[in-house]
Amino acid sequence: MEITSKQRKILEKYAHDISPVVIVGGAGVTDGVIGMINSSLEAHELIKVKFNEYKDEKKDLAAEICEKCNAVLVRIIGNVLILYRQAEDENDRKIVI
């Protein structure tokens, strides 16, 4: 899924008040982290992922996460990624862009 710059701004606005739900630590981006991101995206559609480690590699890791989770990278702010994946069922959608 691709998003426009207008949609990106809308998602950034929604993400402003949410806290990171997944933290990438010393173990890196493991299968467990990918599983947590997938389940969080399923539940919330829009999440933040914080990097406590691997900060220098966050752009490459963000691309890997998006590919594995079928998500869109909204923005990287500092060491925090904002990720979005639209719910498959229209009735489950919490964010309309």
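Quickly run through region 29-56 and pick out the residues that are open to solvent by less than 50 Å² (accessible area, probe 1.4 Å), of a type outside the set (Asp, Glu) and under 11 Å from the mean Cα position of the chain (by Cα).
ILE34, ILE37, ASN38, SER40, LEU41, LEU46, ILE47, LYS48, VAL49
Collect the residues in region 68-97 that are open to solvent by 80 Å² or more (accessible area, probe 1.4 Å), without any contact (Cβ under 8 Å) to a residue 24 or more places away in the chain and over 29 Å from GLY25 (Cα atoms), keeping them in residue-number order.
GLU88, GLU90, ASN91, ASP92, VAL96
Residues in region 13-28 that are without any contact (Cβ under 8 Å) to a residue 60 or more places away in the chain and open to solvent by 20 Å² or more (accessible area, probe 1.4 Å): how many?
Adding up the residues that qualify gives 10.
The values are calculated or read from the model by the stated rules, or taken from the named source; none is laboratory data. In this text the structure is predicted, and so the values were computed from the model without any measurement. Neighbour counts run over all protein chains shown; Cβ positions are idealised from the backbone, glycine included. Side chains included, ligands, DNA and RNA excluded: accessible areas come from the protein's heavy atoms. Shrake-Rupley method; radii C 1.70, N 1.55, O 1.52, S 1.80 Å.
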